[in-house]
Amino acid sequence: MEFGPAMQFQARVDYTYKITGLDLTGVNPETLDFVYIDANGNMYAVEYDYVTMDASTGMLKVVNAVLPHFSRYGFVN
């Protein structure tokens with residue numbers, strides 16, 4: 001996901017996102033994570049309540065990810 005325009009938030013922003021219909025073959029739920037991705041492709045930890053997946057429905061979900069700014073974020077394995 002990519003959010004813009006570029007800005008830092010003055011208040012805490014919690015983000016919950018759910019997507020379904022994905023092919024999650026080979027995705028290990030034990031190593032699934034949600035991260036911030038900078039312009040160079042470096043990935044950084046994001047604070048969140050939990051990340052989950054359901055391979056049978058192709059669902060990924062992150063709950064209450066703390067976003068300090070608009071930028072690129074995504075699921076990684």
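Globularity index of the chain is 1.12 (Cα radius of gyration / 2.2 N^0.38 Å, N = number of residues). Under the combined filter of DSSP loop state and at most 16 neighbouring Cβ atoms within 10 Å, the chain retains these chymotrypsin sites (Phe, Trp or Tyr not before Pro): Phe3, Phe9, Phe70. For the chain, the solvent-accessible area works out to 65 Å² per residue, with a probe of 1.4 Å and every protein chain left in place. The charge dipole of the stretch 1-62, taken about the Cα centre with unit charges on the Cβ atoms of Lys, Arg (+1) and Asp, Glu (-1), comes to about 160 debye, rounded to the nearest 20. Counting every C-alpha pair in the stretch 1-44, the share spaced more than 13 angstrom apart comes to 76%.
What percentage of the solvent-accessible surface of the chain, computed with a 1.4 Å probe over protein heavy atoms, is contributed by carbon and sulfur atoms? The nonpolar share, carbon plus sulfur, comes to 49 percent.
The values are calculated or read from the model by the stated rules, or taken from the named source; none is laboratory data. Every value quoted in this text rests on a predicted model; they were computed, and no experiment measured them. Cβ atoms come from the backbone with ideal geometry, glycine included; neighbour counts cover every protein chain shown. Keep in mind that these areas ignore ligands, DNA and RNA; they rest on the heavy atoms of the full protein, side chains included. Shrake-Rupley method; radii C 1.70, N 1.55, O 1.52, S 1.80 Å.
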